[in-house]
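For reference, the structure is listed below as structure tokens.
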Amino acid sequence: EFVASDQRLTKAFLLSCALLNAASLSMIGPNTNAMCLTRMWMLNFFFVLTLVPLLLKSYRSYKMVGNKSATTRRRLVPGIPFAMSVVAVELIMLLIFTFAYPKTEELLEYDEDSVTHREICTSGGLILVQMCYQVGLILAGCILSFKTRNIKMEYQDNQQLILAFTNIALVRGLTIVVALG
């Protein structure tokens, strides 16, 4: 018997979405070194963690498209090393950013009558590498979902995966525009 969806992946996706939404609360408050690190770690780590279940689900569907006798659910065991490697690359990048760059930068803004002191979070040029990595993961998911769009709906929920990746791509694209803007 074929199982149309894997509840473990759905639960992992929902949990990571909840954690990502909770991590957005780290944007509240002043820009201190601790808060800048917290924001960088939580937002980027949970974003990648949100993508992993969707990528695994898309990959499993893609493997089924190439297998004409696919009548049973694929086991997740081959996908576990992939998921761990995606998370490990993100953790390595975050560790490099943590020790390579200062966290805050002081700015003085001079007006006619006053001076404003502000602190902003900095991440250096490596943040572009991280954004490229995350965009690459999104594109991989979009491509896998697109390639599996013709599987019968009774077998998979690929249209929902395409919509999920498209939604994530749009939101992340807007985030990149705002962050770099």
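The values are calculated or read from the model by the stated rules, or taken from the named source; none is laboratory data. Predicted model, so just to flag it, every value in this text is computed and none were measured. Glycine gets a Cβ as well: all are built from the backbone with ideal geometry, and neighbour counts include every protein chain shown. Just so you know, the surface numbers come from the protein's heavy atoms only, side chains and all, with ligands and any DNA or RNA stripped out. Shrake-Rupley method; radii C 1.70, N 1.55, O 1.52, S 1.80 Å.
Ala18: at pLDDT 80 or above, surrounded by 12 or more Cβ atoms within 10 Å (Cβ to Cβ) and more than 23 Å from Thr148 (Cβ to Cβ), yes or no? Judged against the criteria, Ala18 is a match.
Residue-by-condition table, conditions (1) part of a loop (DSSP other than H, G, I, E, B); (2) basic (Lys, Arg):
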residue: Leu108; (1), (2): no, no
residue: Glu112; (1), (2): yes, no
residue: Arg118; (1), (2): no, yes
residue: Ser123; (1), (2): yes, no
residue: Val129; (1), (2): no, no
residue: Gln134; (1), (2): no, no
residue: Leu139; (1), (2): no, no
residue: Ile143; (1), (2): no, no
residue: Phe146; (1), (2): no, no
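Only one of the numbered conditions (1) open to solvent by 70 Å² or more (accessible area, probe 1.4 Å); (2) modelled with pLDDT under 75; (3) more than 29 Å from Asn150 (Cα to Cα) is not met by Gly124, and that is (1).
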